[in-house]
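This report concerns only the one structure given below.
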Amino acid sequence: MASKDAFDYDLFVLGAGSGGVRAARMAAGHGARVGICEESRVGGTCVIRGCVPKKLLVYASEFSKAFKDAEGFGWSAGRPTFSWSDLIANKDQEIDRLNGIYLKLLSNAGVDLINGRGRLLDGHRVEINDRVITAERILIAVGGRPRMLDIPGKEHAITSDEAFHLPTLPKRILIVGAGYIAVEFAGIFNGLGVDVTLAYRGGKILRGFDHDVQDTVEQALIGRGVNIVYQTTPTAIEPGAEGLTVHFDAHTSEAFDSVMMAAGRVPYTWDLGLAEAGVAVDEAGAIVVDEYSQTSQPSVYAVGDVTNRINLTPVALMEGHAMADTVFGHMDRAVDHEAVPAAVFSQPPVGSVGLSEHQAREQGFQVTVFKSTFTPMKATLAGGGEQGLMKLVVDAASDRVLGVHVVGPDAPEMVQGFAVAVKAKLTKQDFDRTIGIHPTAAEELVTLRTPATP
């Protein structure tokens, strides 16, 4: 191998999203010479076209219900009006601000930024815009991209990327899929007054989440007027006078103003030169890594959605930070993916950490389940409150709390704190001897005493 000084950089990063930027900054902080390339805007999926703008749209969509709820508390504010163009303009302004912060973070850390998509030539060389960069180590953090159904007329559909830039708000939208992105956008469009249909090839929304969580969110969506159609797949999209006519596998068709594909995401690994560099991928195209995020090519690492481990921004941040600390900080920081908390910013939202009930049983645990359904206190005056859910999954043998699952207002904020307890392997007895805060929904998680009937 060439000497360290023979390389342009100690570390070169492909992709300036959450994981890549964190790794670059931490490695530079350890004294490494670092460069990074990005073909789009710095900040990645989360900041530019993902969780940040999505949550801003969630906030916007919640006001329609809040205006109605206010009447129960004595408020009369007249008939509200909504401007989609104003919302998008204000959202874009905030994304510009965050993009500037990420640019400054890289600059302040002394990281060189090159605009363009990088392609590996081998384990130490990256080509960008016909320029070749050499590095002792390379980190791939290019994330994922929305998956499009391969059907006639697919070019007329949008994905979550384009949903943030629609010139006008559609009156009728079909959302294809039922994962967290599909469910969140169903709530967004529904709250903004759009007629929403959710079509899914399977039989239950939010695959992978606890079954009680699935049922609770499903009933809330239906109660808000979202039309959910299961065991259904679009087979073609045709533009016409009525908008977009979508044909389904049940030999039915329906017209919509917009069709959004939300049928999952795939690792963005095509045309990266992975085969030439000796970097192995799995059958889904994800880069295969070990617990230190090292690939089959020892000089190349990968973090974030491109590895398809747990595709969440905080996980990418953790993986990038751990990689930099291990390689350049001379620490031993294997990545721990156990008990990672997650949220769905549906309406009502979901917070979840640890094992679901069916996952715990599949792993051989004898479980005791504690759960409660409730109507949020705010709804007692506002009316029309959806049922919330509090659920604990407990190992009957050790009394350890294996999972916490909440559906209801502020569920993600609530579960972030309880994730510490699950990560620390606290027991149900630890929960029981904790005094709750009254009146809150969260207190229910430390006052559950009676096991649910199987």
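Some observations on this one:
- Surface/4 of the Cα convex hull for the stretch 395-454, nm²: 4.5 nm²
- Of the chymotrypsin sites (Phe, Trp or Tyr not before Pro) found in the stretch 26-91, the ones in coil according to DSSP and having at most 16 other Cβ atoms within 10 Å of their Cβ are 75, 82.
- Cα shape, the stretch 221-368, gyration tensor, a/c 1.5 rule: oblate
- Once the Cα gyration tensor of the stretch 7-163 is diagonalised, semi-axes √(5λ) in Å: 40, 20, 11
- Between helix 51-70 and the chain there is an angle of about 10 degrees, using the helix long axis and the longest principal axis of the Cα atoms.
- If you wrap the tightest convex hull around every Cα atom of the stretch 159-265 and split its volume per residue, you get 97 Å³.
- Heavy-atom surface analysis with a 1.4 Å probe gives the chain a carbon and sulfur content of 52 percent of its accessible area.
- Applying the Karplus relation 6.51 cos²θ - 1.76 cosθ + 1.60 with θ = phi - 60° to the stretch 146-155 yields 3J(HN,Hα) values of x, 8, 9, 5, 8, 10, x, x, 4, 5 Hz, where x marks Gly and Pro.
- Folded to 0 to 90 degrees: helix 313-328 orientation relative to the chain principal axis, Cα: 30 degrees
- Near residue 266, the amide H atoms lying under 5 Å from its own belong to 145, 147; only residues 5 or more places off or on other chains count, and H is placed 1.01 Å from N.
- Based on Cα contacts under 8 Å between residues 6+ apart, the chain shows a relative contact order of 16 percent.
- For residue 151, distant residues with modelled amide H under 5 Å away: none
- Relative to the longest principal axis of the Cα atoms of the chain, the long axis of helix 180-191 lies at roughly 50 degrees.
- Note: relative contact order over the stretch 80-155, using C-alpha pairs below 8 Å and six or more positions apart, is 12 percent.
- Accessible surface for residue 312 stands near 50 Å², nearest 10, in the context of the full protein assembly shown (1.4 Å probe).
- Contact order normalised by residue count of the stretch 1-127, Cα under 8 Å, 6+ apart, percent: 33 percent
- Remark on residue 396: its backbone amide H falls under 5 Å from those of 366, 367, 368, a criterion applied only to residues 5 or more positions apart or on other chains, H modelled at 1.01 Å from N.
- Once the 1.4 Å probe is applied to the protein heavy atoms, the stretch 293-379 comes out at 42 Å² accessible per residue.
- Gained length - residue 330 relative to residue 248, 0.36 nm times residue gap less alpha-carbon distance: 24.0 nm
- Whole-angstrom gap from the stretch 73-94 to the stretch 292-361, using each part's C-alpha centre: 36 Å
- Taking all protein chains into account, the per residue accessible area for the stretch 397-454 stands at 56 Å² (1.4 Å probe).
- Residue-wise HN-Hα coupling along the stretch 128-145, computed from phi with Karplus coefficients 6.51, -1.76, 1.60 (Hz; x: Gly, Pro): 9, 6, 6, 10, 9, 10, 10, 8, 5, 9, 10, 10, 9, 9, 8, x, x, 9
- Heavy atoms of the protein chains alone define the surface here; on that basis the stretch 1-141 has 50 Å² accessible area per residue at 1.4 Å probe size.
- Per residue, the chain reaches -9500 deg cm²/dmol at 222 nm when only DSSP H runs of four or more residues are counted, each adding -39500 (n - 2.57).
- Two-decimal log10 I(q)/I(0) for the stretch 1-40, as the Debye equation yields it once each C-alpha is a single scatterer, q = 0.32 Å⁻¹: -1.04
- For the stretch 90-213, the convex hull drawn through the C-alpha positions has a volume of 217 cubic angstrom per residue.
The values are calculated or read from the model by the stated rules, or taken from the named source; none is laboratory data. The shown structure was predicted, so the numbers you read here are calculated from the model rather than taken from an experiment. Cβ atoms come from the backbone with ideal geometry, glycine included; neighbour counts cover every protein chain shown. For the accessible areas, the whole protein counts, side chains as well, though only heavy atoms, and no ligand, DNA or RNA atoms are used. Shrake-Rupley method; radii C 1.70, N 1.55, O 1.52, S 1.80 Å.
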